[in-house]
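Here the structure is laid out as structure tokens; the discussion comes afterwards.
The values are calculated or read from the model by the stated rules, or taken from the named source; none is laboratory data. This one's a predicted model, so the numbers in the text were calculated from it and none came from an experiment. With ideal geometry, Cβ positions are generated from the backbone for all residues, glycine too; neighbour counts draw on all protein chains shown.
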Amino acid sequence: MVMATTAVTASVTSVSSVTLEVADPDTARRFYTAFGVNEHIRLRASEAPSTGFRGFTLALTVSRPSTVDSFLGSAVDAGATVLKPAAKSLWGYGGVVRAPDGTIWKIATSAKKDTGPATREIDEIVLLLGVEDVKASKQFYVAQGLTVGKSFGGKYAEFASGGSSPVKLALYKRRGLAKDLGVDAEGTGSHRVVLGGTAGSFSDPDGFAWESTAASVS
């Protein structure tokens with residue numbers, strides 16, 4: 001889904017909120033409370049049509065494999081579907097689940113061995129947007145005021161988080177992201193996610209919506 005870009009009245013320095021649009025906010029709130037991430041997202045009722053891959057994932061970075069297993073276990077117990085079971089890889093250890101509302105979550109650590117018992121601490125939350133052209137989208141966000149933290153050509157870009165923002169924004173090729181998550185890249189309709197920032201309302205080149213933080217609904 002691609003929408004026209006509108007002018008913004010202020011710079012976006014970071015993602016100040018992430019609002020997931022769900023069919024049943026009360027049910028979703030119970031799930032995210034059990035999962036352990038309810039403090040980091042907002043929920044809003046929406047019946048906007050959305051099929052297949054919605055083009056993004058929320059990734060939790062934690063300290064050790066046992067913590068990955070703890071979060072994945074909580075998600076599954078609360079009703080999530082496993083897309084990729086937790087497993088070791090070249091980069092560490094992690095797994096992927098789909099929440100009952102359709103949002104895909106990845107939980108991972110760079111550690112391959114436990115150095116202690118599981119905790120419920122989250123080191124970092126990254127909102128990964130699957131985009132058609134990483135370089136073009138990166139330039140778009142730089143023009144809005146974001147600062148690039150890491151960049152790997154046309155494959156991946158990550159922006160520095162500002163202030164007390166709990167979520168870091170990153171860009172990944174849509175098909176590459178879908179492959180990493182274990183889903184088909186096709187999808188239509190609403191992304192079902194709204195990003196809050198300091199600027200006015202606008203949409204990026206891939207149709208991801210932003211709005212003033214004050215307009216977001218808890």
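Just a few scattered comments:
- Meets criteria (over 30 Å from Val82 (Cα atoms), in contact with a strand residue (DSSP E or B) (Cβ under 8 Å, 6 or more places away or on another chain) and touching a residue at least 12 places away in the same chain (Cβ under 8 Å)) for Ser203: yes
- Looking across the stretch 40-82, just one residue is polar (S, T, N, Q), over 16 Å from the mean Cα position of the chain (by Cα) and surrounded by 21 or more Cβ atoms within 10 Å (Cβ to Cβ), and that is Thr67.
- Count of residues meeting criterion [surrounded by fewer than 16 Cβ atoms within 10 Å (Cβ to Cβ), hydrophobic (A, V, I, L, M, F, W, C) and at pLDDT 95 or above] in the stretch 83-114: 1
- Within the stretch 156-171, the set of residues being surrounded by fewer than 21 Cβ atoms within 10 Å (Cβ to Cβ), modelled with pLDDT of 95 or more and touching a helix residue (DSSP H, G or I) at 6+ places or on another chain (Cβ under 7 Å) comprises just one member, Tyr156.
- Pairing residues of the stretch 85-104 that are over 23 Å from Gly187 (Cα atoms) with residues that are part of a strand (DSSP E or B) and among the aromatic types (Phe, Trp, Tyr), at Cβ distances under 8 Å and at least 6 apart in sequence or on separate chains, gives Ala86/Tyr93; Ala87/Tyr93.
Conditions tested, residue by residue: (1) crowded, with 17+ Cβ neighbours inside 10 Å; (2) in a helix (DSSP H, G or I).
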{"position": "Gly116", "(1), (2)": "no, no"}
{"position": "Lys138", "(1), (2)": "yes, yes"}
{"position": "Val142", "(1), (2)": "no, yes"}
{"position": "Gly154", "(1), (2)": "no, no"}
{"position": "Thr188", "(1), (2)": "no, no"}
